[in-house]
Every structure is written in structure tokens, then in C-alpha cells.
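The values are calculated or read from the model by the stated rules, or taken from the named source; none is laboratory data. None of these values were measured; they are calculated from a predicted model. Reconstructed Cβ throughout: ideal geometry from the backbone, glycine too, with neighbour counts over all protein chains shown. Surface areas here come from the heavy atoms of the whole protein model, side chains and all, with no ligands, DNA or RNA. Shrake-Rupley method; radii C 1.70, N 1.55, O 1.52, S 1.80 Å.
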Amino acid sequence: MNTRSLSFRLVTWYAGVLSVVFVLLGALIVLWLQRYLEADFIDTQARRARQIAGTLLVVATRAHAEVLTSEVERLYSPEASDRFIRITAEDGQVVYLSGPPKDERFDPRQVPVAPAAAPAARTVDSAGAHLLVASARAHGADGSAFLVEVGGARTGIDAILRRVLTLLALALPLAVAVAVAGGFILVRRALTPVAQMAETAEAITHHNPGERLPVVRSGDELERLSLALNHMISRLEAALHGSKQFVADASHELRTPLTVMRGELENLAQDHHLAAETRESLGSVLEEVGRLTGIVEGLLALSRMDAGEAQAPAQRVDLGELAATTAGQMSLLAEDKDVRISCAAAPDVAVSGDPSRLKQVIVNLLDNAIKYTPVGGEVCLTVTRDAGMALLEVRDNGIGIPAEALPHVFQRFYRVDGSRSREQGGAGLGLSIVESICGAYGAQVEVSSTPGAGSTFRIRQPLAGKT
Ligand code: ADP
């Protein structure tokens, strides 16, 4: 679980606040209930005490106090109703004391004597039980004063409070759990558009700069964010398009003067009157112009690929056949370097694409293989089916590529060894073109190499369906 995530922090905060609120609310309810139950109980006892004082004692005299005993027993039967009743005369003599209740919960004899200024209600302890006692003062027929105390154990109140506490203890975690689960779902739902935006943003590359993030129509910061990001992508797209257009225009403009220069230089080189030194210089200038033409052609090809031009004329291409003819055409170049090219192509391995672009892939790979394989080396080109895909492999036993350079060989203008590559006429664009074309047709290119032993380039492309 990611404890730094927004959803975790929100839900934790929410759960914490909710728990505190519930606990406070529970405590308030229990306190209020306790007060209410106690007040109600005392009220009942006080009413009974006043009743005794009002009905029995007004007719009683100090001398006939014992009459009270039978009357109280008859009218209120305190033992049967678990009640404590005590009537005390002015001089402290107990005129009447109820017996122990039937459940023996308290002992009336142990209830402390009421203080001189006994409050209207008080809590007392008797034999380990808490009693709530209300008192009332009365005067008998002969003017003698009495204190009537009526009370009862608060066991009933405590039982109710315990039950309410148990209920709250069970309900509180349950309520918090339900609220947290609900909160988690809500936060998740609220963050879903953000996740969708991130997913779409991750999928936007220079291949699909026209894609936009989903706009959340919530009218809040989320909507503002999605709109702002979309505006930013639009600006980036315009900038990208501008720079691509610049490269395309520049390479296109450079092509014609370079062709003219090349023609003129070739014509000049034909002149037999030229001094040997001049001819040599001309030859090297021609070589540089040729390299420049290669770079310009490469840049033009890449900018066209970037513009998505290659995707237009996709057709069914027999990869084996294409590989065999291309290998045949390149064998002259290989022979010049005394490198042997072999081609083994399985029949009927068809892919979808533009044949001239796919051919360029094979040409670039074979060209590199021949370039970077010393005299007497061997280059193998194979086309097979592998796991439901077409697999084109160009393997050489040349100089190989160092492991640290492998991740970079497909980058534009990257050369493993600038001087070595330059001698061979490379500018570091060949493999970028291969990758660009492969990307346009859903193919994947990978390379493995052992320095000094050779390299293998593999291209996996989905097979074309039967037509
Ligand atoms: P270049 O035009 O310079 O050959 P590429 O893009 O075709 O550029 O290749 C990039 C780099 O990868 C080259 O500079 C070269 O060092 C290395 N490379 C490519 N193919 C091979 C190969 N078959 N054997 C050894 N090195 C290779």
C-alpha cells in the first residue's frame, strides 16, 4: 500500500476525524443518558418520599410512630420492590427502616446516616452497591420533625449504560469501516480521470502528437488541468511540426545543389589534363559531397517517415522474396570487400508495408553488416516465421558493437566510433531510418552483439493476413 498516495492520506485523515467525532458523540450520548436515567430515578424516589411525608407522616405522632411501619409495609412493600426506605426522627432515632431487598443487593442497615443538612438527592454505598437516595422532610400531627429517605440500587441504570456502551463499541468501528470504504471508493472514482489523463499522456509520443488528453468536465481544477495540458501539447505539437518541417525543407533544398555539385565535380574529374594532385583533391571533395548527399537523403527519409508518409501505401510484401533480391543486388558491394552474403528465406512469409521502405531496411542492415565486417567475413540474411511473426535476421561475424553502445545505436547521428564510422561513410542515420520504418509498420527491431565476434539485427513484424 502506498502510504504517500493522495487517496491513502485523504482516507486516513477522513477515518481519523470520523473516529474522533464518533467517539465524542458516543461519550456525549452515554453521559447524557446517564444523567437522564439518574435524574429520572431520583425523581421517582423523591416523589415516593414526598408521598410518604405527605400522606403518612402528617397523621403520625412521635408516640405512635410504630404505626408507620405497618402502613409503609402495606402501601409500599419496599423489600418486594427492591427499595430502601428509612424514616428518621428529629433526634436521630430511626422510626422505620426497610428490610433487605429480595435480591440482597444492598443492606439497608449499612446505609450511612443522613447528614444534618441532607441534600435532596445523594449517592451512597451499601455493601458494595451504589444507592441513589432522595430525601424529604415532614412534620407529624404533633409537630415532631421526620426525615424520609427513599432510594434504590442503581444497578438498572448501570445495566442500561453498559448495554449502550457495548452497542456503541460495536457500531463505531463498523460505521468507521463503512465510511472509510465509501470514502475510498469516492476518492478512487474522483481520481480516475487523473489516471486516464496520465495513461493517455504516457501514450503520446512524436508518432502521435495529435492525440489529446480526455477533458474532465467537472468545472474545477481538474478540468483546468486537462485543458492546460492539452494546450501545452498543442504548442509542443506545433513546435515539433515546425522543426520537422524545417529539416524536411532544408534537406529538400540541399538536394538539388548537391546533385549539381556532384555532376560538375564528376565532369571535372574526367579532365585528363588536370594535375594528379588536383585530381586527388577533387576525388576527396567528391567523396565528401557523396557523404553529404547521403546525410541529406537520410534526413529527408527520416522527416518523411516522421510525417507519417510511409504508412500510406501499405501492401502485402513477400519478405523472403524481397530479402533474396536485395541480397542479390548487394552482393556486388560485398564482393568488393571480399565479404560473402548468404540468404536463406522461408517461403510465404508475407508482411504488410511499403516494399521500397522495407527494402531500405534490408539495405541499411546489409550495408552496415558489410561495412563493419572485415575482409573474408560472412553476412547471413534469414527470413523465417517465429511465434506467429515474420522474423528477419541479419547476422555478421564482423567487429561487433560494445555493450555500452548497444542502447544508443538507433539514435539519430549516433556512431559507435565516429572516426571509424566516418571512414566507412556513415553519418549515424542508417539505423534510425530502420527503426522509424519498423515503427511505422508495427515491427520491432533488436540487436545483439559480441565485440570482435559479430552482430545480429532481428526484426519481428506481424504476418500479413491472406489476401
Ligand atoms: P552509420 O551510417 O554510421 O553506419 P548507423 O545508424 O547505420 O550509422 O549505425 C550506427 C552505429 O552502429 C554505427 O556507427 C556502427 O558503429 C554501429 N553498427 C551498426 N551496424 C553494425 C554492425 N553490423 N556491426 C558493427 N557495428 C555496427
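Conditions tested, residue by residue: (1) closer than 23 Å to Trp32 by Cα; (2) of a type in the set (A, V, I, L, M); (3) in the same structural domain as Ala39 (by TED's automatic domain parsing).
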| site | (1), (2), (3) |
| --- | --- |
| Tyr96 | no, no, yes |
| Gly99 | no, no, yes |
| Asp103 | no, no, yes |
| Ala117 | no, yes, yes |
| Gly128 | no, no, yes |
| Leu131 | yes, yes, yes |
| Gly143 | no, no, yes |
| Arg154 | yes, no, yes |
| Leu170 | yes, yes, no |
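Scanning the stretch 328-356 for residues that are out of contact with any Ser or Thr (no Cβ under 8 Å at 6 or more places or on another chain) and within 16 Å of the ligand (Cβ to nearest atom) turns up Met330, Leu333, Ala334, Arg340, Ser342. Of the residues screened, Arg74 is not one that is at pLDDT 85 or above, of a type in the set (Lys, Arg), exposed (fewer than 14 other Cβ atoms within 10 Å of the Cβ) and in a helix (DSSP H, G or I).
Scanning the stretch 202-250 for residues that are modelled with pLDDT under 90 and in contact with a Lys or Arg (Cβ under 8 Å, 6 or more places away or on another chain) gives a single hit, Ala248.
The residues listed here are Glu446, Glu404, Glu435; of these, the one that is out of contact with any helix residue (DSSP H, G or I) (no Cβ under 8 Å at 6 or more places or on another chain), assigned to a helix (DSSP H, G or I) and outside the structural domain of Val296 (by TED's automatic domain parsing) is Glu435. Select from the stretch 146-162 the residues that are farther than 15 Å from Val111 by Cβ and open to solvent by less than 20 Å² (accessible area, probe 1.4 Å) and list them in ascending order. Scanning the stretch 146-162 gives Phe146, Ile157, Leu161. Out of the residues in the stretch 353-398 that are touching a strand residue (DSSP E or B) at 6+ places or on another chain (Cβ under 6 Å) and acidic (Asp, Glu), which is surrounded by the fewest Cβ atoms within 10 Å (Cβ to Cβ)? Only one residue fits best here, namely Glu378. Of all residues in the stretch 219-242, those satisfying the criterion of being open to solvent by 60 Å² or more (accessible area, probe 1.4 Å) and either of a type in the set (S, T, N, Q) or closer than 22 Å to Arg9 by Cα (or both) are Asp220, Glu221, Leu225. Could you list all residues from the stretch 182-203 that are open to solvent by 50 Å² or more (accessible area, probe 1.4 Å) and either among the acidic types (Asp, Glu) or farther than 30 Å from Met232 by Cβ (or both)? Within the stretch 182-203, Phe184, Ile185, Glu199, Glu202 meet the criteria.
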